[in-house]
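Structure record follows, encoded as structure tokens.
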Amino acid sequence: MAVPGRGGGVVLALLALVNSPARAGERIALVVGNSNYAHTAPLANPGNDARVMAAALEGAGFEVTTLLDADLGGMKQALLRFGRRLRGEGGRPGCARKW
């Protein structure tokens, strides 16, 4: 789900209601908020929007990983970890990471 941020930014939230092979009913989310880009002025709100989205998802029972102002390498690593978690290949149960 992409959520338009105020000021033209984008907050990306990847959600999963995992039934298998991870624990049944596990609810995990990866929320990304990038404000800083190489070829444009920093955007004002994506970081704030990501924090608000993460808090809302946590309140709804999701285990949330929040990634703020990640470079390409950081984004790839976070997406790989999220994918592994979806497949039940990694991640520590009950562990929420925030960058």
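The values are calculated or read from the model by the stated rules, or taken from the named source; none is laboratory data. Small disclaimer: the values here were computed from a predicted structure and weren't measured. Please note: Cβ atoms are built from the backbone with ideal geometry, for glycine as well, and neighbour counts cover all protein chains shown. In case anyone asks, the SASA skips ligands and DNA or RNA and just uses the protein heavy atoms, side chains included. Shrake-Rupley method; radii C 1.70, N 1.55, O 1.52, S 1.80 Å.
When Val52 is tested against the conditions (1) part of a strand (DSSP E or B); (2) open to solvent by 80 Å² or more (accessible area, probe 1.4 Å); (3) modelled with pLDDT of 85 or more, the lone failure is (1). Looking across the stretch 65-82, the residues that are surrounded by 15 or more Cβ atoms within 10 Å (Cβ to Cβ) and of a type in the set (Gly, Ala, Ser) come down to Ala70, Gly74, Ala78.
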